[in-house]
Amino acid sequence: MSLNIRVSFSAIMTFLALLLVVCAVQALRSKKPIGKAVGLLEFALLPPLLGNCIILGSSVESRAVWGYYIYLIGMDIVIAALVNFTNEYCRGIGNGQQRPTIMYVLLAADAVQMLLNPFFGHAFGLEPVDVQGKPYYSVVPHAGQIIHRITIYFVFFCVILIYVLAVLKTAKIYRERFSVILTSMIAVGVWQTFYVFSRTPVDRSMIGYGVCGVLVFYFSLRHRPMKLLDRMLSDIVSDLPDALFVYDPAGNCIWLNKPARELTHADLEHLERVSSSLRTIFGEKEFSRDDWVETRIVGFGEHARYFTIESHNVSADSKHFAGSFLVIRDNTDEQQRLRRELYNSTHDSLTGLYTKQHFYDTVRKVVDENPDTLYTAVFVDVKDFKVVNDIFSSEFGDKALCQLARWIEKDMDKRCVYGRLAGDTFGIFVPSEKYKEDKHLIEPELSAFTVSDGIREHHLLVQLGVYEVTERDIDVSVMFDRAHLALSTIRDEYGTHIAYYDNKLRDKVLWDQTITASLREAIDTMQIRPYLQPITDSSGRVVGAEALARWIHPEQGFMPPFMFIPVFEKNGMISEVDKHMWRCACKILADWKGSHDDLFISVNISPKDFYFFDVAAELKALIKEYGLEARKLRIEITESIMMNDQEERMRTLAELRSAGFIVEMDDFGSGFSSLNLLKDMPVDVLKIDMKFLSSSGSREKAKTIVRNIIRLSDELDIASLTEGVETESQYTQLADMGCRLFQGYYFARPMPLADFEAFAFGK
Ligand code: C2E
Ligand code: MG
Ligand code: MG
């Protein structure tokens, strides 16, 4: 029996020790972060086991005492390793992790005091007990041993507390991993306590520690909690927003999640309803088999719902068919969002018509898909729409645009495309045949187009530019540019509502493009040069000249200003021409310096110049560069410069005059001459154009007007110059009326510089 206890316990402990060595090696090799802590714990359990084996095998005290030292100090190390393991294992539980340094210090202090026992004998002594006929040395505890036990119990209790907290604090599904270790530790604790207090001679608790070590290894490194995974998966699948159906190999639905139950109104007790329910919703289909994906639309119009249905087979061991599952996703919200986004990006938010880009894209498609249909592009514009916004309000303006959009829409059919191109411009693309039919209806409507907000009413001047598409391959934007171009020819005519793009217009556009492209070269090579027209005093003596631009074109030959000035006025490049002409005039004046100091040259300034550069600064810089007196370079402006930014223009003119330039008002008597404006205009000379006065009305009336203008200018202290003087009688009459300066064919036509010099200086 005695042999039995000693040998069998030793055998068990040796077996456990071997098992722990295997576990320790495996744990240290494991790639899991916890592996190291487990390995250390397993190794730490070996010395106490060894110590116990020694104690069991010793029949003399001197040997048994070694066993006790190894066992008791080993226990300090085991508990320290347990603390370390627990610290790692319960990481993430509780708020923040603290290193359990205090525990290590306690255990180390305890180990030290135990080591001092041979010197002081304060910890324990041994006494032989008879265990089945042989002495077994058991411990006689002194104060040190009591301290040792308290320390071990205290730390052990703390560790247990940590596991209890872990069990309470973690989600239910994770509890198992803590509760197993907790239970085994409590079992060991109770087992050991039993030996401590029962004073049974042979301590068997070490077996419990060993088993506990193996359990720790298993649960922390080997155990895959299938139940936990199952539960997690089923929770995830239940919470899935998609409807999920699981089928057995026979095609019977065996499980469905919550969204699936809601979709089919079936439940887990009435799974047989699933199939018929799915068929009612989605139509006839074998839902419980094979791998496939489909999209289905259920319902119509606004009530349409969009679904993606996916079926997948499941094979149990990559060979046997184990059933299938079906996933149904309701994409309605997503689809509606996409449709809304698409609509917003293709439709104008105010009028609901197509946006420009979508309109152009659709037109392109229509043209390409109907190669035999002739089409007409119509550019719709509201004249002076800005005024509507200004006079009424932008809300009224918005309403007006919506009414216009509805008007555009009203006669359209499937073959037509229409959209909003920009603020107050719209595009319509219709088969030419339809346009011709509708035109007669549209025209009277256009001239009486009124918009109203229920309180106020306003007449809108709607104009159409029309291009019958003869070149189908050009960009849609170019088609509408052409329609727009046609429209621009009637911009200022209130009576005309429709204008067409024709060959004449096309040629004009081509011409504009050609001369615009060659302008730079024309300036650099002096193809554009000044012709000088003499200006005389009443005695016929030449006192100056007006520099008038001529373009001697290498192919077109001699070109008077009307062939190019209006083109450049429109595209702004007139400023290049003017700067060039001013420079030429300055050069001529500089050449005349010394010999013909009394002559001046007048240059023309386009109203557009003021938009593109600082006119005053440019002119001042020029005369400085050529060392001229400012009064030699006269400046001709027209009243139209006052159309915009009046104050700013007045300032520029005043600046020029104060710099010494003489400012002349050109073409007085043309267009909208305003005597009122004259009073405020800072000008020195009034150029009265005979052309405008003789072109209409009676001669007598014209004479009276001229006489009065001359008198008026005298009174305002403004000199007068008549241009366009063609006959001697005109000249004498004008001289009699008090005019002092003259320019006109009667004296001389504009001529090249050399001719002018011969004319004026008799060279
Ligand atoms: P404008 O400044 O009023 O120039 C006078 C125009 O009347 C010139 O036409 C001149 O040839 C013409 N003319 C002069 N005497 C008579 C006459 O007795 N009878 C008739 N019927 N016509 C006469 P031109 O040279 O064809 O210039 C036309 C317009 O082109 C100019 O009118 C001016 O507004 C503009 N222009 C000419 N050169 C330039 C320039 O360098 N820059 C700018 N911005 N405009 C220029
Ligand atoms: Mg002029
Ligand atoms: Mg003039």
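Descriptive notes on the structure:
- When the stretch 615-639 is limited to residues that are out of contact with any Phe, Trp or Tyr (no Cβ under 8 Å at 6 or more places or on another chain) and over 22 Å from D591 (Cβ atoms), the one that is nearest to ligand 3 (Cβ to nearest atom) turns out to be T638.
- If you go through the stretch 37-83 and keep only what is closer than 14 Å to L221 by Cα and touching a residue at least 40 places away in the same chain (Cβ under 8 Å), you end up with A37, V38, L40, L41, E42.
- Only one entry of A187, A143 meets the criterion of being at pLDDT below 90 and among the small types (G, A, S), and that entry is A187.
- Taken residue by residue, the stretch 604-614 has at least one member that is among the polar types (S, T, N, Q), buried (at least 17 other Cβ atoms within 10 Å of the Cβ) and either more than 16 Å from ligand 2 (Cβ to nearest atom) or in the same structural domain as E648 (by TED's automatic domain parsing) (or both).
- Exactly one residue out of F197, F178 is on the phi < 0 side of the Ramachandran plot and surrounded by fewer than 18 Cβ atoms within 10 Å (Cβ to Cβ), and it is F197.
- Count of the stretch 529-554 residues which are within 13 Å of ligand 1 (Cβ to nearest atom), in contact with a Leu (Cβ under 8 Å, 6 or more places away or on another chain) and either without any contact (Cβ under 8 Å) to a residue 12 or more places away in the chain or among the hydrophobic types (A, V, I, L, M, F, W, C) (or both): 5
- Residues in the stretch 662-678 that are at pLDDT 70 or above, more than 19 Å from A702 (Cβ to Cβ) and more than 15 Å from ligand 3 (Cβ to nearest atom): I662, L677.
- Scanning the stretch 631-652 for residues that are surrounded by 15 or more Cβ atoms within 10 Å (Cβ to Cβ) and more than 16 Å from ligand 2 (Cβ to nearest atom) returns K632, M642, R649, M650, T652.
- As for the stretch 59-78, it holds no residue that is in a helix (DSSP H, G or I), closer than 30 Å to A171 by Cα, assigned by TED's automatic domain parsing to the domain that holds T151 and within 60 Å of the chain's Cα centre (by Cα).
Residue-wise test of (1) in contact with a strand residue (DSSP E or B) (Cβ under 7 Å, 6 or more places away or on another chain); (2) part of a helix (DSSP H, G or I).
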residue: Q335; (1), (2): yes, yes
residue: L338; (1), (2): no, yes
residue: L342; (1), (2): no, yes
residue: S345; (1), (2): no, yes
residue: L350; (1), (2): no, no
residue: H358; (1), (2): yes, yes
residue: T362; (1), (2): yes, yes
residue: V366; (1), (2): yes, yes
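Yes/no per residue for (1) buried (at least 21 other Cβ atoms within 10 Å of the Cβ); (2) closer than 30 Å to D736 by Cα:
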| site | (1), (2) |
| --- | --- |
| A517 | no, no |
| Q533 | yes, yes |
| I565 | no, no |
| K570 | no, no |
| K579 | no, no |
| C586 | yes, no |
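- Condition met for V462 (under 17 Å from H497 (Cα atoms), at pLDDT 85 or above and among the hydrophobic types (A, V, I, L, M, F, W, C)): yes
Residue-wise test of (1) buried (at least 16 other Cβ atoms within 10 Å of the Cβ); (2) of a type in the set (D, E); (3) over 60 Å from the mean Cα position of the chain (by Cα).
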position: L115; (1), (2), (3): no, no, yes
position: G121; (1), (2), (3): no, no, yes
position: K134; (1), (2), (3): no, no, yes
position: V140; (1), (2), (3): no, no, yes
position: R149; (1), (2), (3): yes, no, yes
position: V155; (1), (2), (3): yes, no, yes
position: L165; (1), (2), (3): no, no, no
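- Looking only at the stretch 410-431, residues that are surrounded by 15 or more Cβ atoms within 10 Å (Cβ to Cβ), touching a residue at least 40 places away in the same chain (Cβ under 8 Å) and either not in a loop (DSSP other than H, G, I, E, B) or not charged (D, E, K, R) (or both) come to 12 in all.
- Subset of the stretch 718-758 (residues that are closer than 12 Å to G540 by Cα and either in a helix (DSSP H, G or I) or within 16 Å of ligand 2 (Cβ to nearest atom) (or both)): E728, Y731, T732, A735, L741, F742, Q743, G744, F747, A748
- Of the residues screened, T496 is not one that is free of Cβ contacts under 8 Å to residues at least 24 places away in the same chain and of a type in the set (S, T, Y).
- Residue in the stretch 322-342 that is among the aliphatic types (A, V, I, L, M) and modelled with pLDDT under 90 present: yes
The values are calculated or read from the model by the stated rules, or taken from the named source; none is laboratory data. Note that the coordinates shown come from a computational prediction; the quantities given were computed from them, not determined experimentally. We place every Cβ from the backbone using ideal geometry, glycine too, and count neighbours over all the protein chains shown.
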